[in-house]
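Note sheet for the following structure.
What follows draws every value from the coordinates through simple rules; no lab data is involved. Given the structure is predicted, the values throughout are model-derived calculations rather than measurements.
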Amino acid sequence: KPKGKIVNVDYLNQKLEQLSKEKKIEQENGLFVVDAKKLGFYKILGKGMITRKMLVKNALVSSKAREKIEAAGGKIEQLANIKEAENRDVEEEN
């Protein structure tokens, strides 16, 4: 099971500008590109609001976070092994 930091969409929403200025994230086609592996977290939960469009890479994303990211015009890019881990997490929660 992955270990590491878990963040909420609210945290990301608040930090996007700062992370962009610090060159820790890039902007591509009007989206903030959030690479979880580069930023040191592995999962995004849905607490809070999101007002910015972002492309999330290399992260597990809860269903609530996915809804909020996509509703704000963002996208989630997941690798197959991350998708499998997400399914295991869901099974363990139930």
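The figures follow:
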quantity	calculated
Span from the region 1-32 Cα centroid across to the region 48-76 one, whole angstrom	11 Å
Kirkwood Rh (inverse of mean 1/r, distinct Cα pairs), region 12-85, angstrom	12.3 Å
Amide H contacts of Val61 (H built 1.01 Å from N, under 5 Å, at least 5 apart or other chain)	Ile44
